[in-house]
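Step one of this worksheet: look at the structure below.
The values are calculated or read from the model by the stated rules, or taken from the named source; none is laboratory data. Just so we're clear, the structure is a prediction, and the values are computed from it rather than from any experiment. For neighbour counting, all protein chains shown are included, and Cβ atoms are generated from backbone atoms with ideal geometry for every residue, glycine included. Accessible surface areas use protein heavy atoms only, side chains included; no ligands, DNA or RNA. Shrake-Rupley method; radii C 1.70, N 1.55, O 1.52, S 1.80 Å.
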Amino acid sequence: AQSVAQPEDQVNVAEGNPLTVKCTYSVSGNPYLFWYVQYPNRGLQFLLKYITGDNLVKGSYGFEAEFNKSQTSFHLKKPSALVSDSALYFCAVRSSYSGAGSYQLTFGKGTKLSVIP
Amino acid sequence: NAGVTQTPKFQVLKTGQSMTLQCAQDMNHEYMSWYRQDPGMGLRLIHYSVGAGITDQGEVPNGYNVSRSTTEDFPLRLLSAAPSQTSVYFCASSRDSYYEQYFGPGTRLTVT
């Protein structure tokens, strides 16, 4: 069974400092990896994804993520945090396999990011 | 282009009642899914569909039914509501499961 771990329930960072939100995964075959963000009382919004290719993926709002196959990680990063980045962040994974049962996207429990002015 | 729409936004049910949560998308997406979001649990997949006429169970399907008679609509039916089904429900759609998903605004359901 595939799974995602987000080891930190909450991350606090000062405005202007770099931020990292951690994600590790377990999946059969090669992974398809995603990051989503949720603002209060809203649905989730897509930030970025890794399917294949460069290990460093760039996404929306200045976010990027680094895929590390040996560590089965896909950490989300941003060089300089903004107060408006404060939100709930979710990592998700599915397998590259095709066929019945393989189309499910599994989400982590989420990490609450607070950027302090 | 409305994206993914969900109705109702809020609903209160009594234990044992049934209801249908509506979800529609106007992006001609083949893949649609239903999730529930509970505090500390993240999003858990209830059911999903890879196209009209094709549905499958996710991680937490018990107590829920779905059907996909058209590409646009993917309703979620609660057969006999229980307090454990109190949650926020999100519908999502995408071109395929390895493309980014577009989420609806959610339905907050309370079962008393």
Can you pull out every residue in region A:8-34 that is assigned to a strand (DSSP E or B) and touching a Cys at 6+ places or on another chain (Cβ under 9 Å)?
A:VAL21, A:THR24, A:TYR25, A:LEU33, A:PHE34
Could you please find all residues in region B:36-54 being within 19 Å of B:THR107 (Cβ to Cβ) and either modelled with pLDDT of 95 or more or touching a strand residue (DSSP E or B) at 6+ places or on another chain (Cβ under 8 Å) (or both)?
B:ARG36, B:GLN37, B:ASP38, B:GLY42, B:LEU43, B:ARG44, B:LEU45, B:ILE46, B:HIS47, B:TYR48, B:SER49
A:LEU105 passes all but one of the listed conditions (1) surrounded by fewer than 21 Cβ atoms within 10 Å (Cβ to Cβ); (2) of a type in the set (A, V, I, L, M, F, W, C); (3) facing chain B (nearest Cβ under 9 Å); the exception is number (1)
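Would you confirm, using the coordinates I've provided, whether B:ALA24 is more than 22 Å from A:PRO40 (Cα to Cα), away from chain A (no Cβ under 11 Å), of a type in the set (A, V, I, L, M, F, W, C) and in a strand (DSSP E or B)? Working first, answer last.
Numbers: more than 22 Å from A:PRO40 (Cα to Cα): yes; away from chain A (no Cβ under 11 Å): yes; of a type in the set (A, V, I, L, M, F, W, C): yes; in a strand (DSSP E or B): yes.
So B:ALA24 fits the description; yes.
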If you take the residues in region A:40-53 that are at negative phi and more than 10 Å from chain B (Cβ to nearest Cβ), which one is surrounded by the fewest Cβ atoms within 10 Å (Cβ to Cβ)?
A:PRO40
Cβ pairs under 7 Å, 6+ apart, first in region A:54-81 and surrounded by fewer than 11 Cβ atoms within 10 Å (Cβ to Cβ), second charged (D, E, K, R) and in a strand (DSSP E or B):
A:LYS58/A:GLU64
Scanning region B:54-112 residue by residue, those open to solvent by 30 Å² or more (accessible area, probe 1.4 Å), charged (D, E, K, R) and either under 16 Å from B:LEU13 (Cβ atoms) or within 14 Å of chain A (Cβ to nearest Cβ) (or both) turn out to be B:ASP56, B:GLU59, B:ARG77, B:ARG95, B:ASP96, B:GLU100, B:ARG108
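Among the residues of region B:65-75, is any under 22 Å from A:ALA1 (Cβ atoms), of a type in the set (Phe, Trp, Tyr) and within 10 Å of the chain's Cα centre (by Cα)?
So the first thing to find is which residues in region B:65-75 are under 22 Å from A:ALA1 (Cβ atoms), and the list is B:66.
This time we only want the ones that are of a type in the set (Phe, Trp, Tyr), so: none.
The answer is no; no qualifying residue exists.
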Among the candidates A:SER84, A:SER70, single out the residue that is more than 13 Å from the chain's Cα centre (by Cα) and either among the charged types (D, E, K, R) or outside any loop (DSSP other than H, G, I, E, B) (or both).
A:SER84
When A:ARG94 is evaluated against the numbered criteria (1) of a type outside the set (Val, Ile, Thr); (2) open to solvent by less than 10 Å² (accessible area, probe 1.4 Å); (3) more than 10 Å from chain B (Cβ to nearest Cβ), which criterion, by number, is the only one it fails?
(3)
Which residue, of A:VAL4, A:VAL37, is part of a strand (DSSP E or B), open to solvent by less than 60 Å² (accessible area, probe 1.4 Å) and touching a Lys or Arg at 6+ places or on another chain (Cβ under 9 Å)?
A:VAL4
Restricting the first residue to region B:1-17 and requiring it to be free of Cβ contacts under 8 Å to residues at least 40 places away in the same chain and closer than 15 Å to A:LEU44 by Cα, which pairs with a second residue that is aromatic (Phe, Trp, Tyr) and part of a strand (DSSP E or B) meet a Cβ separation below 7 Å and a spacing of at least six or different chains?
none
May I ask you to list the residues in region A:40-67 that are in a loop (DSSP other than H, G, I, E, B) and of a type outside the set (A, V, I, L, M)?
A:PRO40, A:ASN41, A:ARG42, A:GLY43, A:THR52, A:GLY53, A:ASP54, A:ASN55, A:GLY59, A:PHE63
State all residues of region A:95-116 that are in a strand (DSSP E or B) and under 13 Å from the mean Cα position of the chain (by Cα); if no residue qualifies, say none.
A:THR106, A:PHE107, A:THR111, A:LYS112, A:LEU113
